[in-house]
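Following: one structure in structure tokens, then a few remarks.
The values are calculated or read from the model by the stated rules, or taken from the named source; none is laboratory data. All values reported here derive from a predicted model rather than from experimental measurement. Cβ atoms come from the backbone with ideal geometry, glycine included; neighbour counts cover every protein chain shown.
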Amino acid sequence: MSRLLEAIELYPVRIPMRHRFRRVDHREAVLVRGPTGWGEFSPFPDYPAEVTTRWLASALEAACSELPEPGRHRIPVNATVPSVSAEVAAALVKESGANTAKVKVGDPGLPEGADEERLDAVAEALGPDGKIRIDVNARWSLEEATERLTSLSRFEFEYVEQPVATIEEMIELRRRTGIRLAADELVRLSPDPLRVVESGAADVLVVKVQPMGGVSRVLDFAARVHLPVVISSALETSVGMYSGLLAASLLRDLPFACGLGTVALLEGDPTLEPRVGFDGFVEVKRVEPDPVLLKRWRPERARAAEMLRKVRAAAEVLT
């Protein structure tokens, strides 16, 4: 693995977020240039090397292997709404042009009623034909999820993403509410993602390319399950977003909009053609970083060194 790292080029970038998301206000990524193109290594700062090996495997797949040709030319995407004010939420939805929105709810420390105000604003911005899904990131207990979903039932959610943490809680919540549930963390963090399917804990599977280890692994997983798969992003730049778009383009069916419109949440991008949505779709096109933008977004020396250290740590574990 050390020889492989010597054969590729690494470019750290650090880009501000338009709105704080997943407890970060900057998105950090190491862009990887290899013999077949560019990949991206962008795990979140608190992830240990044992987890980030999958992210590195995905980056190396994109940079060092021949990826298949896309199966579709554009992908329907949802608007992604962080825990922002109702006014900002409405603006994000209208800006996206999408008819589906995924809204983050359940963040700790928010005033009572903030989630419902945000959802009302999103619903109004989408109009009567819009679809809303919410993402709880497994923050609710079973009892809290039952109560909250009952009180929010008027929104008629398309699905609710990971409201509770465990398979057993998901099964019981499906029984209690009859609401369509999607599994994200249960798929992404499980040593055996197929167990989620076999247990009957979810109606939809949310799959992210970097955390799963690359396009080929995502497509292999999708081919082995009978549930609908929604490809979502891990807040990549446009370089890494291509892997998600490619995977989505190669799925047999796309019954739901994908969560691949998140480049719009960044203040900038290392490419001249950011993969942002237009009228609710993102074009499946591979783009490369621009040398000027790589310099613009390069972090200060100590931060860049720490980001490169994380790549090497992941490589050591992966070996």
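Observations
- Among the candidates 188, 195, 174, the residue that is under 29 Å from residue 242 (Cβ atoms) and basic (Lys, Arg) is uniquely 188.
- Residue within the range 153-174 that is assigned by TED's automatic domain parsing to the domain that holds residue 78, touching a strand residue (DSSP E or B) at 6+ places or on another chain (Cβ under 7 Å) and over 16 Å from residue 203 (Cα atoms) present: yes
Residues are listed down the side, and each one gets a yes or a no for (1) outside the structural domain of residue 188 (by TED's automatic domain parsing); (2) more than 22 Å from residue 159 (Cβ to Cβ):
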site: 61; (1), (2): yes, yes
site: 109; (1), (2): no, yes
site: 130; (1), (2): no, no
site: 134; (1), (2): no, no
site: 146; (1), (2): no, no
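- Sole residue being closer than 24 Å to residue 270 by Cα and touching a residue at least 24 places away in the same chain (Cβ under 8 Å), chosen from 59, 123: 59
- For the range 31-71, the set of residues classified as of a type in the set (Val, Ile, Thr) and either surrounded by fewer than 22 Cβ atoms within 10 Å (Cβ to Cβ) or assigned to a loop (DSSP other than H, G, I, E, B) (or both) consists of 36, 51, 53, listed by residue number.
- Cβ-Cβ under 7 Å pairs, at least 6 apart or on other chains, the range 179-208 side assigned to a helix (DSSP H, G or I), far side surrounded by fewer than 23 Cβ atoms within 10 Å (Cβ to Cβ) and among the basic types (Lys, Arg): 194/224
- Checked across the range 290-312, the condition of being closer than 21 Å to residue 10 by Cβ, out of contact with any strand residue (DSSP E or B) (no Cβ under 8 Å at 6 or more places or on another chain) and not in a helix (DSSP H, G or I) holds for at least one residue.
This table checks each residue for (1) of a type in the set (D, E, K, R); (2) more than 20 Å from the chain's Cα centre (by Cα); (3) farther than 19 Å from residue 256 by Cβ.
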| site | (1), (2), (3) |
| --- | --- |
| 105 | no, no, no |
| 113 | no, yes, yes |
| 145 | no, yes, yes |
| 157 | no, no, no |
| 160 | no, no, no |
| 169 | yes, yes, yes |
| 172 | yes, yes, yes |
| 185 | yes, no, no |
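- Residue check for residue 100: under 17 Å from residue 265 (Cβ atoms) and buried (at least 16 other Cβ atoms within 10 Å of the Cβ): yes
- Test: residue in the range 291-308 that is buried (at least 18 other Cβ atoms within 10 Å of the Cβ) and either in contact with a Cys (Cβ under 7 Å, 6 or more places away or on another chain) or more than 25 Å from residue 51 (Cα to Cα) (or both): yes
- Of the residues making up the range 236-257, those that are outside any helix (DSSP H, G or I) and either buried (at least 24 other Cβ atoms within 10 Å of the Cβ) or assigned by TED's automatic domain parsing to the domain that holds residue 55 (or both) are 236, 237, 257.
- Condition met for residue 273 (closer than 18 Å to residue 63 by Cα, assigned to a loop (DSSP other than H, G, I, E, B) and either in the same structural domain as residue 186 (by TED's automatic domain parsing) or in contact with a His (Cβ under 6 Å, 6 or more places away or on another chain) (or both)): no
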